[in-house]
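Have a look at the structure below before the remarks.
None of the figures in this text is laboratory data; all of them are computed from the coordinates on show. As the structure is a prediction and not an experimental result, all values here were calculated from the model. Neighbour counts are summed over all protein chains in view; Cβ atoms, including those assigned to glycine, are modelled from backbone coordinates with ideal geometry.
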Amino acid sequence: MVVNLVIGTQWGDEGKGKVVDYFSKDAYYVVRFQGGNNAGHTIKVGKEVYILHIIPSGVIQGKIGLIGNGVVIDPEILISEIDQLTKKGIKPKILISDRANIIMPYHKILDGAEENLLGNRKIGTTKRGIGPCYSDKIARKGIRAIDLIDKASLSEKLDNIIPIKQKILEIYNIKEKLNKKKILEKYLYYGAFLKKYIASTHIELNNAIKSGKNILLEGAQGTMLDVDYGTYPYTTSSHTIAGGSVIGAGVSPKHFNEIIGIVKAYTTRVGEGPLPTELFDKNGKYLQEKGHEFGTTTSRPRRCGWLDLVVVNHSCMISGVTKLAITKLDVLDGLDEVKICINYNLNGKKIDYFPSKIEDVEKCKPIYKKLKGWKKIDKKSSRFSDLPKEAQDYLKFIEKEVRVPISIVSIGPGRKETIEL
Ligand code: IMP
C-alpha cells in the first residue's frame, strides 16, 4: 500500500494536472480533498487536451476519482464535466463524499457582490462561489451532497437558509429574488443524477488502504493560497497544504509515503495580492507568453516572476515535502540569465522566512542568485545528463537550497516530455 500526495508549492497553476497524471499510474483512487471548480487542471494525452475543474485528473488514466468531504462542489459543473468526458470516450469512474458541501446559486451571487464592494482591496477570486460556500460550511449553514438526495431534508434546509440569504442580497443592493421552489427542483435533479456516485468516501478510502491499494491525493491551488499559510487575505478559502488532505479526505497522516511538492521553474499568480518576485519587464512578458500563462478557469493573464525559493522552502516545511517535481523548465529556454530568489530584504534586514503580516510581504524585496541561462532543451531529453549544462546547474541549485531531492522534471506538456531522476 502506498499513499502519495501531490501539492502545489507556489500560487497554484504549477502544472499539477500533468504530475498527478504521471503519479497516478499505480493508484487505485485519485483523491481531491479541497477547493472546487476554482481549480483547473490541464492534461495532454497525445493530441487530446482535457481540462478538468472538479473531477480528479487521474480519471483520464482510468482511475477512480474520489471527491472528498473537503471539496466544495458545484453540481452543474460536475455534471457537465462527466458529460464532456463521456463524449470524449472516457466514462469517468467517480465517487463523491456525502459530506462534501454544495455550491448554491446564492454563493455565486455573493462571491461577485463581496468582490465588487471590496473595490481595489478585492481578492480577485474566481467568482465561483468558493469563499461563500466554505463560509457557510464553517457557520454550519451548508447544504451537503447527502442532502441532494433527500427531498424533505433539502426543502427544510432551504426554508431556513433562503430568507437569510435574501436579506443579505438586499444589503448588497442586489434585486435578484431567490426562488426556493426552483432551487429545490434544480438541486433535486442534480441529486438524482449524482446519486449513484455519492458515498461515504472516507470509509471507502480507509478500506482501500487497509486492503493494500495505492492512493494518490491530489491537491488543488498551492500553498501560498492556503487560508492559513498563504498570503492571507489574498488566498482561497481551503487548506491547500498536505494537512488539508487529512481533514478533507479523512486519511490519517500515519499512512503517508511520499509528499510531492510541485515547483514551477518560475513563479506565477492570478488574482490580487503580493508576489515578491513579480517581473514587470520584458522577462515577465516572455514567461507569460512562452508559458501560456493564462488562467485555465478564468482566462485571466497570470502575473509572472522569477522562481522564489523563500516561498518553496516555506511550502516544503509546512507540508513536509519529500520529493520535488519541477515543471515548465523549458519555458526558461532562450534567456541569457535566469534569477532565483533566495532571501528577502525586509526593512533593510535579510530574512529567510515568509512573513505572516501581509503589509510586510508587500515590503519584501527579493535577493537573487544569478545563474547563466541556456539556449534550448531538447524535447526528446530523457535523462538529466541530456539537459544543457546550465539547466542542470539550475536544478542542482534548487536541490541544494531546498534540501529536498528532485524526482521528476517536466520539459513540455506531453506525457513523454518528462525526465525521471
Ligand atoms: P477563490 O478560490 O475563487 O476564492 O479565489 C481566491 C484566490 O485564489 C484568487 O486570487 C484566485 O485567483 C486564486 N485561485 C483560486 N483557485 C486557483 C487555482 O486553481 N490556481 C490559481 N489561483 C487560484
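Given a cut-off of 41 Å, what percent of all Cα-Cα pairs of the chain lie beyond it? Result for the distance tail: 15 percent.
Here the label points at residue 80 and residue 285, each 7 Å from Cα along the C-beta direction, are separated by 3.4 nm in the simple model. Of the three principal axes defined by the Cα atoms of the stretch 214-301, the extents in descending order read 47, 28, 23 Å. Backbone phi angles across the stretch 6-20, fed through the Karplus curve with coefficients 6.51, -1.76 and 1.60 (θ = phi - 60°), yield HN-Hα couplings of 10, 9, x, 9, 10, 9, x, 6, 7, x, 5, x, 5, 5, 5 Hz in residue order; Gly and Pro are listed as x.
Between residue 45 and residue 367, what FRET efficiency comes out of the Förster formula 1/(1 + (r/R0)^6) with R0 = 45 Å and r the beta carbon distance, rounded to 0.05? Between residue 367 and residue 45 the formula returns 0.65. What FRET efficiency comes out for residue 152 versus residue 254 if R0 is 56 angstrom and r is the Cβ-Cβ distance? Round to the nearest 0.05. The computed FRET efficiency comes out at 0.90. Here the contact order of the chain, divided by its residue count and restricted to Cα pairs under 8 Å and six or more residues apart, works out to 20 percent.
If a spin label sat at a point 7 angstrom from the Cα of residue 415 along the line to its beta carbon, the backbone N atoms of the stretch 1-44 nearer than 15 Å would be those of 17-27, 43-44. Placing a pseudo-label 7 Å from each Cα along the Cα-to-Cβ vector at residue 189 and residue 336 gives an inter-label distance of 6.1 nm.
Looking at the square roots a ≥ b ≥ c of the eigenvalues of the Cα gyration tensor of the stretch 86-192, which shape do they give, rounded for a/c under 1.5, prolate if a/b is larger than b/c, or oblate? Oblate.
For residue 262, the residues whose amide H sits under 5 Å from its own are 7, 8, 9, 325, ignoring neighbours fewer than 5 places away on the same chain, with H placed 1.01 Å from N.
As a rough footprinting exposure proxy, the listed residues 128, 403, 32 were ranked by other beta carbons within 10 Å of their own, and the order from fewest upward is 403, 128, 32. The length gained on full extension between residue 403 and residue 294, counted as 0.36 nm times the residue separation minus their Cα-Cα distance, comes to 36.1 nm. Which one, 100, 249, 152, has the greatest fluctuation when you compute a Gaussian network model over the chain with C-alpha springs under 10 angstrom? Highest fluctuation of the listed residues: 152. DSSP beta bridges confined to the chain are antiparallel in about 40 percent of cases. Cβ crowding within 10 Å ranks 170, 14 as 170, 14, fewest other Cβ atoms first. Residues considered: 373, 305, 261. Largest GNM mean-square fluctuation over the chain, using C-alpha springs under 10 Å, is found at 373. Between the C-alpha center of the stretch 343-421 and that of the stretch 1-61 there is a gap of 22 Å.
Note on the stretch 318-421: dipole from Cβ charges, positive end direction compared against 348, 394, 361; the farthest Cα belongs to 394.
By its C-alpha gyration tensor, with a ≥ b ≥ c as the square roots of the eigenvalues, how is the stretch 123-269 shaped: rounded for a/c under 1.5, else prolate for a/b larger than b/c, else oblate? Judged from the Cα gyration tensor, the stretch 123-269 comes out oblate (a/c at least 1.5, b/c at or above a/b).
Taking all Cα pairs closer than 8 Å and separated by 6 or more residues, the relative contact order of the stretch 101-197 comes to 28 percent. Magnitude of the charge dipole for the chain, about its Cα centre and with charges confined to Cβ atoms of Lys, Arg (+1) and Asp, Glu (-1), is about 500 debye.
Dipole size of the stretch 32-177 about its Cα centre, with +1 on Lys/Arg Cβ and -1 on Asp/Glu Cβ: approximately 340 debye, rounded to the nearest 20.
As a proxy for reagent exposure, 353, 229, 344 were ordered by neighbouring Cβ count within 10 angstrom, fewest first; the result is 353, 229, 344. Among 125, 153, 139, whose Cα sits farthest toward the positive end of the charge dipole of the stretch 30-158 (+1 at Cβ of Lys/Arg, -1 at Cβ of Asp/Glu, about the Cα centre)? The residue sitting farthest along the positive end of the dipole is 125. Approximating the spin labels as points 7 Å out from Cα along Cα→Cβ, the residue 139-to-residue 168 distance works out to 0.4 nm. Between the stretch 260-288 and the stretch 140-198, the C-alpha centres lie 39 angstrom from each other.
Under 5 Å between amide hydrogens, built in the peptide plane, is the criterion, and for residue 96 it picks out 67, 198, 199 among residues at least 5 positions away or on other chains.
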